[in-house]
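See structure below.
Since every read-out is calculated from the coordinates, none of them should be taken as a lab result. Quantities reported herein were computed from a predicted structural model and do not represent experimental measurements. Reconstructed Cβ throughout: ideal geometry from the backbone, glycine too, with neighbour counts over all protein chains shown.
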Amino acid sequence: MRVLRPLPTLLAATLAAPLLAACGDEKSAYDRAAGFYTLATVDGREIPAGVQTVPGGGVFLQRGTMQLHADGRFALGLEKTYVGSVTGPQFEFLNGRYALTASDTTLTLTTEPDRQVLTGTITQRRITVRMPVARLEFERP
């Protein structure tokens, strides 16, 4: 014996199948943010760019990279040179966890193990991070 299904049930099942399949393909905000970014500007100036930290001295940021992972981890590296009486390491590396909030446009970086908190914003191609002495902008290549 053949079982006939009512037309509305068949039509609803036929229309819902592609919609349900598409839901499984949606990426999370962390998947979309994940990637490799390069330092583009320091306080709005193209790199290399200097930041005066004391009278007659400061730091030049030569280059930098940031990588966000879909699991919420980040790594940030900066190459610096110093001017005047200011000294410090040539390379600075920070890593830890990040969180996205406010409609996935606000970025909070928490370094490990010292738990320093840095905040910024994120768009599809750009991350802006407020560091203690300057605003850094990273872009996706």
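Some notes on this structure:
- Condition met for residue 120 (surrounded by 14 or more Cβ atoms within 10 Å (Cβ to Cβ) and of a type in the set (Gly, Ala, Ser)): yes
- Residue 105 touching an Asp or Glu at 6+ places or on another chain (Cβ under 7 Å) and closer than 16 Å to residue 37 by Cβ: no
- Extreme residue, farthest from residue 115 (Cα to Cα), among residues of region 34-80 that are among the β-branched types (Val, Ile, Thr) and surrounded by 17 or more Cβ atoms within 10 Å (Cβ to Cβ): 47
- Checklist (1) under 27 Å from residue 30 (Cβ atoms); (2) in contact with a strand residue (DSSP E or B) (Cβ under 9 Å, 6 or more places away or on another chain) applied to residue 46, failing item: (1)
- Tally of residues being of a type in the set (A, V, I, L, M, F, W, C) and farther than 18 Å from residue 39 by Cα across region 90-102: 3
- Strands (runs of 3 or more DSSP E) (entirely within region 69-141) containing at least 1 residues that are over 21 Å from residue 47 (Cβ atoms) and in contact with a Phe, Trp or Tyr (Cβ under 7 Å, 6 or more places away or on another chain): 91-101, 106-111
- In the condition set (1) surrounded by 14 or more Cβ atoms within 10 Å (Cβ to Cβ); (2) among the β-branched types (Val, Ile, Thr); (3) in contact (Cβ under 8 Å) with a residue 12 or more places away in the chain, residue 128 is compliant with all but (3).
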